[in-house]
Amino acid sequence: MSSHRQADARLESFPDARGHFGRYGGRFVAETLMHALEELEATYLQVRDDSAFWSEFDRDLAHYVGRPSPLYFAERLTQELGGPKIYLKREDLNHTGAHKINNTIGQALLASRMGKRRVIAETGAGQHGVATATVAARLGLECQVYMGSEDVERQALNVYRMKLLGAQVIPVRSGSRTLKDAMNEALRDWATNVDDTYYIIGTVAGPHPYPMLVRDFQSIIGRETQSQCQEQIGRMPDALVACVGGGSNAIGLFHPFLNHTDVALYGVEAGGDGVATGRHAAPLCAGRSGVLHGNRTYLMEDDDGQIVETHSVSAGLDYPGVGPELAWLKDTGRATYVSVTDEEALSAFRDLTRIEGIMPALESSHAVAYLRQLAPQMERDQVVVVNLSGRGDKDIHTVAKIDGIALA
Amino acid sequence: MSRLKVRFAALKARRRRALIPFFTAGDPDLATSLKLMHEAVAQGADLIELGVPFSDPSADGPVVQAASERALANGVRLCDVIDLVRQFRTSDEDTPVVLMGYLNPIEAMGYAEFASAATAAGVDAVIVVDLPVEEAPDLQQVLDAVDVDMVFLVAPTTTPKRMQAIVEHARGCLYYVSLKGVTGASHLDTSDVERRLAALRSLCDLPLVVGFGIRDAATAEAIGRCSDGVVVGSAIVQSVAELSQGASNLQVTQCLGPVMAPLRAALDHL
């Protein structure tokens, strides 16, 4: 038992000093960026022990973001599925409509500490771009957001939101013109403007120390869930479910529970048309280890190591990689990864909207959809917490289009 | 002695600065790449740098990105690039060839298989853009075992402490990235390059070559003055791209002369 606990302690203390989670993570970037990453790491390690930094962070989360987000018992959904009690962690109620703001608040504070007056970001669905533009507006920082030109078309609403917030959205027309290419372009910008620019990465991927610091900022989700579970049910939940694209909402929920090994962790990837078709975005379920965007992790790639195009109805999950800590949790067996298809996610979107009056983002709908498979395997007196990472307003056009309805 | 060492020693003896053209392998196609390599030698290239196409070239500017996309559209794989070097070696035993690319295709092939295939084909050195010295030991060990040099990049942002670590691991030569940015950028500060190269010289005896942002006789001459060689990439890739649109292979190879001759002359003038 004591050796078991030791193993657990190791789980929470990762990454190691060089940013490795087991064989994953690390720092694989061009030499030009290495010093900037060393600087960022040094700054972050300093503020990590600085209570003034964290009180400012907590204050912003409380009064600007609106935290704590509720933990809501979804009674009718629980009845409908006939299994464990289902609780929803309502990240959709955060300012800007998703968990993404937890991270951009933290990184914008870091940028200010480092004296950087310009921030850049990559975005897929536009949620991280909006969250970045929002904190930039609040702190008066110059902000440029890179977005694949395909996504600019698909997510016109968020593009306009970012513009209203004063950010410049730069369409990226190289490669597959989606999130991964936006990240390449952000890295190029950073290499060129490294002296005055802070790169706010939106997920728990990228070169060390990003996976660590983004996780730390997002871990507020799991910490709140722990105390809310204590208040509402008097114990820890039995299972946690979160969708996994890059993985920031999942690791944010999971991380404080890593040592509670009797809490099962389920990460739900985007199965697209079905993993067997190859048209999906599920590197943990069907990819293999490789190096992209500064870290070693599971990737969607061909036999020659070229990154392949991914597919998901949800732009926020449409990414060929995943955070290195999630990759490591797969290999250690601590987390279980599954996938649901576009169709299943869309059904869950409709179900939750009709049954609970909560319209989830298509990303979060993947986590909700997995409940149909998980619930029958659990007992009625058990408790499962689902991370409702974002709200679905941004997806109404996508859903309407699938329904054949043209909105003005 | 490695081909790289022999070549740099010979250049030093002749006080000649190395002119190092860069091509993306397989752009516009592998057969043309082979002709371009031979033509480059005829036009005064001392080494050849061969880009390995990658789907996500995050350190490259638009010109090399586009070349990489064209090569990938042609189905060019890492094993094809290695085979291109093997073909080149059947009629050129002397000109060193350096592969430059990103780590993931090498990971996918496997380090050991890559090292043995590369050395068998006559590859002399490898630059892995996204593999900084801290993460490099595993790959370097297998490359060392087959005498393929691992060439590291040094950037304007490299601190003295990092410079020391890089110099300790460096093989063959050092590649100084002349500016903060991506390949093909146009904001070169030659006096800054000169200062940085002087700092490197005080740390090691390795040949110093400079790349990123060198596009014409004037920049080549300014950089050549303080280095052992210059890499010219985007300027060459761009002219190959322009001429290969609908042109025959013969015309494509003929495009090298007008780009390389002024550079060669500028360097020889020093």
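The values are calculated or read from the model by the stated rules, or taken from the named source; none is laboratory data. No experiment lies behind these values; they were computed from the predicted model shown. As a convention, Cβ positions derive from the backbone with ideal geometry for all residues, glycine included, and neighbour counts pool all protein chains shown.
Brief remarks follow.
- Qualifying residue in the range B:246-267 (condition: part of a loop (DSSP other than H, G, I, E, B), modelled with pLDDT of 90 or more, hydroxyl-bearing (Ser, Thr, Tyr) and surrounded by fewer than 21 Cβ atoms within 10 Å (Cβ to Cβ)): no
- Taking helices (runs of 4 or more DSSP H) as the structural unit, those lying wholly within the range B:110-189 and holding at least 1 residues that are farther than 16 Å from A:His35 by Cβ and within 11 Å of chain A (Cβ to nearest Cβ) correspond to B:111-121, B:137-145.
- Some residue of the range B:59-69 being over 17 Å from the mean Cα position of the chain (by Cα), over 22 Å from B:Val177 (Cα atoms), within 14 Å of chain A (Cβ to nearest Cβ) and not hydroxyl-bearing (Ser, Thr, Tyr): yes
- Entirely in the range A:231-340, the helices (runs of 4 or more DSSP H) that have 3 or more residues that are more than 30 Å from B:Phe114 (Cβ to Cβ): A:248-254
- Residues satisfying the stated conditions in the range B:3-45, i.e. touching a helix residue (DSSP H, G or I) at 6+ places or on another chain (Cβ under 6 Å) and assigned to a loop (DSSP other than H, G, I, E, B): B:Arg17, B:Ala25, B:Gly26, B:Asp27, B:Pro28, B:Gln43, B:Gly44
- Residue that is within 16 Å of the chain's Cα centre (by Cα) and of a type in the set (S, T, N, Q), where the choices are A:Ser289, A:Ser248, A:Ser227: A:Ser248
- Residue match in the range B:93-105 (condition: small (Gly, Ala, Ser), without any contact (Cβ under 8 Å) to a residue 60 or more places away in the chain and under 17 Å from A:Gly305 (Cα atoms)): yes
- One residue stands out among those in the range A:29-42 that are in contact (Cβ under 8 Å) with a residue 40 or more places away in the chain and among the hydrophobic types (A, V, I, L, M, F, W, C): the one that is farthest from the other protein chains (Cβ to nearest Cβ), which is A:Leu40.
- Residues located in the range B:1-51, provided they are among the polar types (S, T, N, Q), surrounded by fewer than 22 Cβ atoms within 10 Å (Cβ to Cβ) and farther than 19 Å from B:Val209 by Cβ: B:Thr32
- Residue selected from the range B:181-195 under the condition touching a helix residue (DSSP H, G or I) at 6+ places or on another chain (Cβ under 8 Å) and at pLDDT 90 or above, by the criterion farthest from B:Val151 (Cα to Cα): B:Glu194
- Residue list for the range B:70-104, restricted to those being closer than 20 Å to B:Gly229 by Cβ, more than 15 Å from the chain's Cα centre (by Cα) and not in a loop (DSSP other than H, G, I, E, B): B:Phe88
- If you go through the range A:114-129 and keep only what is outside any helix (DSSP H, G or I) and not charged (D, E, K, R), you end up with A:Met114, A:Gly115, A:Val119, A:Ile120, A:Ala121, A:Thr123, A:Gly124, A:Ala125, A:Gly126.
- Of all residues making up the range A:17-28, the number that are under 16 Å from A:Leu213 (Cβ atoms), within 12 Å of another protein chain (Cβ to nearest Cβ) and not basic (Lys, Arg): 5
- A:Tyr146 being at pLDDT 95 or above and within 14 Å of chain B (Cβ to nearest Cβ): yes
- Considering the conditions (1) touching a residue at least 12 places away in the same chain (Cβ under 8 Å); (2) under 20 Å from B:Val148 (Cα atoms), B:Val64 is excluded by exactly one of them, (2).
Quick grid of which residues meet (1) of a type outside the set (D, E, K, R); (2) within 11 Å of chain B (Cβ to nearest Cβ); (3) surrounded by fewer than 20 Cβ atoms within 10 Å (Cβ to Cβ):
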{"position": "A:His260", "(1), (2), (3)": "yes, no, yes"}
{"position": "A:Ala276", "(1), (2), (3)": "yes, no, yes"}
{"position": "A:Arg279", "(1), (2), (3)": "no, no, yes"}
{"position": "A:Ala282", "(1), (2), (3)": "yes, no, no"}
{"position": "A:Glu301", "(1), (2), (3)": "no, yes, no"}
{"position": "A:Gly305", "(1), (2), (3)": "yes, yes, no"}
{"position": "A:Gly316", "(1), (2), (3)": "yes, no, no"}
{"position": "A:Gly321", "(1), (2), (3)": "yes, yes, no"}
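- Subset of the range A:201-223 that is within 20 Å of B:Asp56 (Cβ to Cβ) and not in a helix (DSSP H, G or I) - its residue that is farthest from the other protein chains (Cβ to nearest Cβ): A:Val204
- Scanning the range A:162-180 for residues that are away from every other protein chain (no Cβ under 11 Å) and in a loop (DSSP other than H, G, I, E, B) gives A:Leu165, A:Gly166, A:Ala167, A:Arg177, A:Thr178.
- Residues being part of a helix (DSSP H, G or I), touching a Leu at 6+ places or on another chain (Cβ under 9 Å), of a type outside the set (Gly, Ala, Ser) and closer than 17 Å to A:Gln79 by Cβ - total across the range A:341-362: 4
- Test result for A:Leu292, of a type outside the set (Lys, Arg), in contact with a strand residue (DSSP E or B) (Cβ under 8 Å, 6 or more places away or on another chain) and within 14 Å of chain B (Cβ to nearest Cβ): yes
- Just one of the listed residues (A:Val204, A:Val159) is within 20 Å of the chain's Cα centre (by Cα) and either among the aromatic types (Phe, Trp, Tyr) or buried (at least 24 other Cβ atoms within 10 Å of the Cβ) (or both), and it is A:Val204.
- Screening the candidates A:Asp216, A:Asp195, A:Asp189 for the property of being without any contact (Cβ under 8 Å) to a residue 24 or more places away in the chain and over 25 Å from A:Ala345 (Cβ atoms) yields one hit, A:Asp195.
- Set A:Ile120, A:Ile86: member being modelled with pLDDT of 95 or more and within 14 Å of chain B (Cβ to nearest Cβ): A:Ile120
- Residues (touching a strand residue (DSSP E or B) at 6+ places or on another chain (Cβ under 6 Å) and within 30 Å of A:Phe21 (Cα to Cα)) located in the range B:100-132: B:Met100, B:Leu103, B:Asn104, B:Glu107, B:Val126, B:Ile127, B:Asp130
- The condition (being surrounded by fewer than 18 Cβ atoms within 10 Å (Cβ to Cβ), of a type outside the set (A, V, I, L, M) and in contact (Cβ under 8 Å) with a residue 60 or more places away in the chain) is satisfied by just one residue among A:Phe57, A:Phe73: A:Phe73.
- Taking the range A:22-113 and the strands (runs of 3 or more DSSP E) fully enclosed by it, the elements with 3 or more residues that are over 23 Å from A:Gly206 (Cα atoms) are at A:71-73, A:85-90.
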